[in-house]
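Beneath this line is the structure, given in structure tokens, with notes to follow.
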Amino acid sequence: MKKSILLRNLLKQDGLLVAPGASSALLGKMVEIMGYKVVYATGAGIANMQFGVPDLGLVTMTEILETVKRINDATSLPVIADIDNGYGNALNVYRTVKEFSGAGIAALQLEDQQLPKRCGHFNGKAIISQEEMVAKIKAAKDALQDPDVMLIARTDAIAVNGLDDALERGAAYVEAGADILFVEAPTDIEQMRKITGAIKTYHIANMVEGGKTPILPNRQMEEIGFKIALYANAPLKAAVKGAKDLLSHLQEHGTTADCEHLMISMKERNEITGFAAMDELDKKYKS
């Protein structure tokens with residue numbers, strides 16, 4: 001079954017769909033191994049993990065696409081891909097969506113920020129007009145290589161023009177063809193309730209630790225009316241914290257012999273990367 005259909009079926013089921021972020025193929029595999037049902041290919045995380053730069057629009061479409069393909073290939077789960085603002089105007093969006101949807105990605109997230117874009121929880125964002133974003137959504141829908149790929153429209157208008165403009169934009173984006181709405185960075189629970197109550201569609205909540213939106217339990221987000229909860233960069237931040245602790249221990253003690261508790265075992269590493277299956281293939285082709 002196509003991953004786009006898998007995602008559509010998941011959204012029809014009861015309950016909140018939790019989408020941890022992956023910034024590498026290995027983290028994508030980990031999301032699946034841990035029992036989640038969908039992976040979020042995070043643009044910010046890819047910028048951080050793969051290029052060591054902040055989420056300030058510094059990574060190109062083809063660089064993001066390459067990593068997203070690797071994440072998608074590493075897991076059987078449907079992947080939601082962050083395509084930022086489509087990397088330009090409506091024509092750029094058309095090409096971007098054509099490339100990503102042709103690669104078997106289940107859903108694409110397009111935002112209404114101006115170039116260069118910024119992380120949704122950074123200050124200093126600027127947005128394009130509602131009319132330009134509607135045109136981009138229409139271009140994206142026309143460009144889909146798989147008509148079942150879902151389009152997520154994200155607006156960053158709360159931080160720029162306030163909640164009323166964000167809701168007006170959200171309604172227009174859904175009318176233009178967006179399947180899912182992502183109103184970024186509400187600052188309190190009251191705003192979150194207004195978002196889900198104002199527009200009838202699937203809604204995304206973005207849980208950014210240290211960001212502008214309160215971190216709520218999944219059960220509360222479901223009660224408010226959200227259908228998808230993104231934990232876009234929690235796995236990345238945990239991985240970096242783990243690496244930092246290990247490197248600090250090595251620096252202080254001059255050995256890793258006594259810090260197995262800071263690492264997965266060789267056995268776990270081989271299980272995650274599918275060593276046994278590859279080893280069997282190697283034996284098959286050598287016989």
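The values are calculated or read from the model by the stated rules, or taken from the named source; none is laboratory data. As the structure is a computational prediction, the values presented were derived from the model and not from experiment. Here Cβ is always computed from backbone atoms with ideal geometry, including for glycine, and neighbour counts include all displayed protein chains. What goes into the accessible areas is simple: the full protein's heavy atoms, side chains included, and nothing from ligands, DNA or RNA. Shrake-Rupley method; radii C 1.70, N 1.55, O 1.52, S 1.80 Å.
For Met49, Met278, write out the residues from largest to smallest accessible area, computed with a 1.4 angstrom probe and no ligands counted. Walk me through the numbers on the way to the answer.
Numbers: Met49 80, Met278 125 Å².
The most accessible residue leads, giving Met278, Met49.
Sparse packing (at most 11 other Cβ atoms within 10 Å of the Cβ) combined with a DSSP loop state is found for the following trypsin sites (Lys or Arg not before Pro) in region 137-238: Lys200.
As a length-normalised measure over Cα pairs under 8 Å and 6 or more apart, the relative contact order of the chain settles at 18 percent.
Carbon-plus-sulfur accessible fraction, region 146-222 (probe radius 1.4 Å, protein heavy atoms only): 47%.
So what's the net charge close to His249: Lys and Arg +1, Asp and Glu -1, counting the other residues with Cβ under 12 Å from its Cβ?
Working: positive: Lys244; negative: Asp245, Glu252, Asp258, Glu260.
That sum, taken over residues with Cβ under 12 Å, equals -3.
Build a GNM of the chain with springs between Cα atoms under 10 Å apart, and of Ala143, Ala239, Ala81 the one that fluctuates most is Ala239. Pick out which of Val183, Val174, Val53 has the largest mean-square fluctuation in a Gaussian network model of the chain, springs linking Cα atoms closer than 10 Å. Judging by the Gaussian network model, the answer is Val53.
Holding the Cα-Cα limit at 29 Å, pick out from Lys29/Lys284; Lys98/Lys286; Lys98/Lys284; Lys136/Lys241 the pairs that are longer than that. Walk me through the numbers before you get to the answer.
On the way: Lys29/Lys284 25 Å; Lys98/Lys286 40 Å; Lys98/Lys284 38 Å; Lys136/Lys241 38 Å.
Lys98/Lys286; Lys98/Lys284; Lys136/Lys241, as the Cα separations exceed 29 Å there.
Taking every alpha-carbon pair in region 163-267 and binning the separations at 10 Å intervals from zero gives 13, 34, 20, 15, 13, 5, 0 percent.
Taking all protein chains into account, the per residue accessible area for region 46-203 stands at 40 Å² (1.4 Å probe). Equivalent-ellipsoid semi-axes for region 44-137 (Cα gyration tensor, √(5λ), whole Å, largest first): 21, 17, 10.
Given C-alpha coordinates of region 1-55, what is the ratio Rg to Rh with the Kirkwood estimate of Rh? Intermediate values should be presented prior to the final figure.
Values: Rg = 12.9 Å, Rh = 12.3 Å.
A ratio of 1.05.
With N the number of residues in region 128-215, Rg(Cα) / (2.2 N^0.38 Å) evaluates to 1.09. Here the mean projected area of the convex hull built on the C-alpha positions of the chain is 17.1 nm². Taking the longest Cα principal axis of the chain as reference, the axis of helix 3-12 is set at about 60 degrees. Between the Cα long axis of helix 90-102 and the first principal axis of the chain there is an angle of about 40°, rounded to the nearest 10.
Just need the relative contact order of region 1-120 here, percent rounded to a whole number, with Cα pairs under 8 Å and 6+ apart. All intermediate terms of the calculation are to be shown ahead of the outcome.
Working: 207 pairs, mean separation 33.4, N = 120.
Relative contact order of region 1-120: 28 percent.
Residues whose amide H lies under 5 Å from that of Leu17, counting only those 5 or more places away or on a different chain, are Ile228, Ala229; hydrogens are built 1.01 Å from N in the peptide plane. Over region 127-170, the hull volume per residue, using the convex hull of the C-alpha atoms, is 67 Å³.
With N as its number of residues, region 98-161 has a Cα radius of gyration that, divided by 2.2 N^0.38 Å, comes to 1.20.
Using only the Cα atoms of region 221-284, what semi-axes does the equivalent ellipsoid have when each is the square root of 5 times a gyration tensor eigenvalue? Give whole Å, largest first. Mind dumping the intermediate values first?
Numbers: eigenvalues 191, 132, 13 Å².
Semi-axes (√(5λ), whole Å): 31, 26, 8.
Relative contact order of region 33-89: 47 percent, from C-alpha pairs under 8 Å at least 6 residues apart in sequence. Working from the Cα coordinates of region 90-249, the gyration tensor eigenvalues give, after taking √(5λ), semi-axes of 26, 21, 16 Å in decreasing order. Within region 42-114, none of the trypsin sites (Lys or Arg not before Pro) combine a DSSP coil assignment with at most 14 other C-beta atoms in a 10 angstrom radius.
Measuring nothing but alpha carbons in region 1-158 and taking Rh as the Kirkwood radius, the Rg to Rh ratio lands at 0.95. Solvent exposure of region 234-280 amounts to 77 Å² per residue of accessible area, where only protein heavy atoms count and the probe is 1.4 Å.
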